[in-house]
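*Asks:* Would you mind keeping the following structure in view while I ask a few things?
Where a number appears in this text, it was derived from the coordinates with a stated rule and is not lab data. All of these numbers come straight from a predicted model, not from anything done at the bench. Cβ coordinates were reconstructed from backbone atoms using ideal geometry, including for glycine residues, and neighbour counts include every protein chain displayed.
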Amino acid sequence: MELQKKIVWITGASSGIGEALAYNAANEGAKIVISARRENELKRVAAACKTDPSNVFVLPLDLENTTNVEEKVNQVIQKFGRIDVLINNSGMGHRTKAVNTSTEIDRKVMEVNFFGTINLTKAVAKKMQAQKSGKIVVISSIMGKYGLPLYSTYAASKFALYGYFESLRQELYKDNVRVLIVSPGFINTDVSTKLLMENGKEYGIKSESQNKGMSPDNCAKGIIKAIKGNRDHKFVGGYEIFSVYVKQYFPRIFYKLMRKMTKE
């Protein structure tokens, strides 16, 4: 799939990976829809895209409340006539021990990362089935392959995305709609500063692993390449990606290393 003149909808586009995806998709000649909660930040990203302003549609969206998702999808159709690629990138996390995590935080993380994502996806998938073409991308995580201490519900939400989109891939295949699951490792964004703590406040500290991580631009380039190459799954990151294979083939060593690495 080439992205020239394709309609690409990116959620979580106000910063980090989503922002980088917006720039890269625009550079590929796509017409883009950028969504997130912060409209002012979306406008900043739109202004920075190197394309005709008419090729960028700013569409605020809060995945914690998707009661208006059908309306949002229809707005995109009215603007551009179709949706060729949906990139589900929005997400949030937490940094709390499982037994101390409030049900409110558990539900909030699952609502945004899982339920909000699949609600939008279902609405878009119906349009793609009708047009007999399209690609749905979901940004999971290497933590969709294994959990880590202090990130129980975040990991659970990413595991859930794997199961859902693996199933959806098979259901949509006959309609010529393809599904790509992307699993980033450590990407140098400010996502760790926004992790929710037990008291509901943001963590506010950028982790050392993320400081040393892949740049959002290189991450976005890898995702765009996977979209164009018709991949089913793509790991994006550095050395940390090998941890997935260590767990698979050497589980005892993996869990021993994880315990050492995650000591408080």
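*Asks:* Taking springs between alpha-carbon atoms closer than 10 angstrom, which of Val76, Val124, Val85 fluctuates most in the Gaussian network model of the chain?
*Replies:* Highest fluctuation among the options: Val76.
*Asks:* Of (i) 52, 38, 32; (ii) 65, 36, 35; (iii) 98, 34, 34, which one was derived for Cα extents along the principal axes in Å from the structure shown?
*Replies:* Of the listed options (i) 52, 38, 32; (ii) 65, 36, 35; (iii) 98, 34, 34, (i) comes from this structure.
*Asks:* A further question follows. Can you give the relative contact order of the chain as a percent, counting alpha carbon pairs under 8 Å and 6+ residues apart?
*Replies:* This gives 18 percent for the chain.
*Asks:* If you don't mind, there's one more thing I want to ask. Counting only helical runs of four or more DSSP H residues, what would the 222 nm mean residue ellipticity of the chain come to if each run contributes -39,500 (n - 2.57) and the total is spread over all its residues? Before the final figure, lay out each step's value.
*Replies:* Working: 10 runs with 114 residues, N = 264.
It comes out at -13000 deg cm²/dmol, rounded to the nearest 500.
*Asks:* Sticking with this structure for a sec: When you count, for each residue, the other Cβ atoms within 10 Å and take the mean per peptide, how do 140-152, 222-234 rank with the highest first?
*Replies:* Going by the mean number of other Cβ atoms within 10 Å, highest first, we get 140-152, 222-234.
*Asks:* Between beta-carbons, use under 12 Å as the cut-off and find the net charge around Ser54, counting Lys and Arg +1, Asp and Glu -1.
*Replies:* Taking every other residue near Ser54 into account, the sum is +1.
*Asks:* While we're on this one: Would you mind checking which residues have amide H under 5 Å from Lys6's amide H? H placed 1.01 Å from N; only 5 or more apart, or other chain.
*Replies:* Lys31
*Asks:* Hydropathy at least -1.0 by Kyte-Doolittle, axial extent at least 20 angstrom from the Cα trace: which helices of the chain, defined as entire DSSP H runs, fit? Mind showing how you got there, number by number?
*Replies:* Values: long enough: 117-131 (21 Å, -0.25); 152-172 (30 Å, -0.19).
Span-like helices, by this rule, are 117-131, 152-172.
*Asks:* Sticking with this one: Run down the lysines and flag those whose C-alpha is under 29 Å from the C-alpha of Lys256, throwing out any fewer than 8 positions away in its chain.
*Replies:* Lys256 reaches Lys97, Lys145, Lys158, Lys194, Lys206, Lys212, Lys234, Lys247.
*Asks:* Which stretch or stretches of the range 217-240 have amide N atoms under 15 Å from the point lying 7 Å from Leu148's Cα along the Cα→Cβ direction?
*Replies:* Label zone hits: 236-240.
*Asks:* Around Gly222, what is the net charge, scoring Lys/Arg as +1 and Asp/Glu as -1 over all other residues with Cβ under 13 Å from its Cβ? Write out the running numbers ahead of the final one.
*Replies:* Numbers: positive: Lys221, Lys225, Lys228, Arg231, Lys234; negative: Asp217.
Spelling it out: positives minus negatives among the neighbours equals +4.
*Asks:* Provide the packing ranking of 21-33, 154-166, i.e. peptides ordered by the mean count of other C-beta atoms within 10 Å per residue, highest first.
*Replies:* So the peptides 21-33, 154-166, ranked by packing, come out 21-33, 154-166.
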